[in-house]
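In what follows, a structure is listed as structure tokens, so that the remarks can point back to it.
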Amino acid sequence: MSDEAAHNKGPRDDRWYFSIMSPNTKGEMFSWLDPTSIYINGKAFHDLLDDLCAELNADDIDVVAGLDAMGFVLATGIAARLNKGFLPIRKAGKLCVDTDSAEFTNYTGRNQSMEMRMNAYAPGTRVLLVDQWVETGGTMHGAIQLVEQQQGVVAGIVAIAIEDAERTAEYRKKYKCVSAILPDTEWQRQINNQYLESFKTYRPEMAFPI
């Protein structure tokens, strides 16, 4: 199949770029896989952005917020595609201006806090929240708190993948949730098990920039 034919395959079900993601090689304090290989590879990164932005309506969004740190990559890409501004939501202690803060429990079970600059937007601003991966939903919960503390409206949640969990099920009911890994697919089953079958054939050169 040619690259053009693969790209036009419908209904956006191939998601070929997942197969170039690397498994975790450093232990349980790190995420179980590494999506940065998608960002390195030009075609993979742009196909990922195509898939995510296809489900977003720019008219429903005022600003795109990225969660520290890898959520910055996706959020800035999406913001540029939608012609919107970018708002960073940082880990505590990183911003040199007055901030709002929120505490949360991350995917490792550790308590952390994150911050957003004070007076980031007017009340009623529609904020799209973007992170690289949503596992338990704890980090995203902190971001939602920050948006609402400044009287913003969560316009949706975007990630490469949203694992099935109690809190993420609540998000799917309450917000527009967009993920490159589509719900109720074989890819979703694999990420819920935190193991991709493509790990068996993964080679670093598969993700080299093209």
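The values are calculated or read from the model by the stated rules, or taken from the named source; none is laboratory data. It should be emphasised that the depicted structure is a prediction, and the values quoted were computed from it without experimental measurement. Note that each Cβ is placed from the backbone with ideal geometry, even for glycine, and that neighbours are counted across all protein chains shown.
Could you go through the stretch 164-180 and let me know if any residue there is basic (Lys, Arg), under 21 Å from ALA44 (Cα atoms) and either crowded, with 18+ Cβ neighbours inside 10 Å or out of contact with any Ser or Thr (no Cβ under 8 Å at 6 or more places or on another chain) (or both).
No - not one qualifying residue is present in the stretch 164-180.
Within the stretch 16-38, can you find the residues that are touching a helix residue (DSSP H, G or I) at 6+ places or on another chain (Cβ under 7 Å), over 12 Å from LEU196 (Cα atoms) and surrounded by fewer than 19 Cβ atoms within 10 Å (Cβ to Cβ)?
TRP16
When the stretch 16-70 is examined, which residues are found to be among the charged types (D, E, K, R) and within 25 Å of PHE104 (Cβ to Cβ)?
Within the stretch 16-70, LYS26, GLU28, ASP34, ASP62, ASP68 qualify.
Of PRO23, PRO35, PRO11, which residue is at pLDDT below 90 and of a type outside the set (Ser, Thr, Tyr)?
That would be PRO11, the only listed residue that is at pLDDT below 90 and of a type outside the set (Ser, Thr, Tyr).
May I ask you to list the residues in the stretch 109-125 that are assigned to a loop (DSSP other than H, G, I, E, B) and exposed (fewer than 12 other Cβ atoms within 10 Å of the Cβ)?
GLY109, ARG110, ASN119, ALA122, PRO123, GLY124
Of everything in the stretch 151-160 that's touching an Asp or Glu at 6+ places or on another chain (Cβ under 9 Å) and part of a loop (DSSP other than H, G, I, E, B), which residue is nearest to LEU128 (Cα to Cα)?
GLY152
For the structure I just gave you, tell me whether ILE144 is assigned to a helix (DSSP H, G or I) and in contact with a Leu (Cβ under 9 Å, 6 or more places away or on another chain).
So ILE144 passes the test.
If you take the residues in the stretch 161-201 that are touching a strand residue (DSSP E or B) at 6+ places or on another chain (Cβ under 6 Å) and part of a loop (DSSP other than H, G, I, E, B), which one is nearest to LEU33 (Cα to Cα)?
ILE181
Considering only residues that are exposed (fewer than 11 other Cβ atoms within 10 Å of the Cβ) and not hydroxyl-bearing (Ser, Thr, Tyr), look in the stretch 198-210 and name the one that is farthest from TYR17 (Cα to Cα). Quick ask: steps written out before the conclusion?
Just the residues of the stretch 198-210 that are exposed (fewer than 11 other Cβ atoms within 10 Å of the Cβ), to begin with: 200-201, 203-205, 209-210.
Subsequent filtering for residues that are not hydroxyl-bearing (Ser, Thr, Tyr) retains 200, 203-205, 209-210.
On the way: LYS200: 15, ARG203: 13, PRO204: 13, GLU205: 13, PRO209: 13, ILE210: 13 Å.
The residue in question is LYS200.
Could you give me the residue pairs with C-beta distances under 7 Å whose first residue belongs to the stretch 186-199 and is in contact (Cβ under 8 Å) with a residue 60 or more places away in the chain, whose second residue is outside any helix (DSSP H, G or I) wherever it lies, and which are 6+ apart or on separate chains?
Close Cβ pairs (under 7 Å, with a partner that is outside any helix (DSSP H, G or I)) amount to TRP187/ARG15; TRP187/ILE181; GLN194/TRP32; LEU196/MET21; LEU196/LEU33; PHE199/PRO23.
From the set of residues in the stretch 72-108 that are modelled with pLDDT under 95 and in contact with a Pro (Cβ under 9 Å, 6 or more places away or on another chain), which is surrounded by the most Cβ atoms within 10 Å (Cβ to Cβ)?
Among those that are modelled with pLDDT under 95 and in contact with a Pro (Cβ under 9 Å, 6 or more places away or on another chain), it is LEU95.
If only one of LEU56, LEU129, LEU87 is more than 27 Å from GLU166 (Cβ to Cβ) and not in a helix (DSSP H, G or I), which one is it?
Numbers: LEU56 fails: more than 27 Å from GLU166 (Cβ to Cβ); LEU129 fails: more than 27 Å from GLU166 (Cβ to Cβ).
Just one listed residue meets the conditions, LEU87.
Would you mind finding the one in ALA120, ALA102, ALA165 that is closer than 24 Å to ILE78 by Cα and of a type outside the set (Phe, Trp, Tyr)? Give the derivation first.
Numbers: ALA102 fails: closer than 24 Å to ILE78 by Cα; ALA165 fails: closer than 24 Å to ILE78 by Cα.
Going through ALA120, ALA102, ALA165 in turn, just one is closer than 24 Å to ILE78 by Cα and of a type outside the set (Phe, Trp, Tyr): ALA120.
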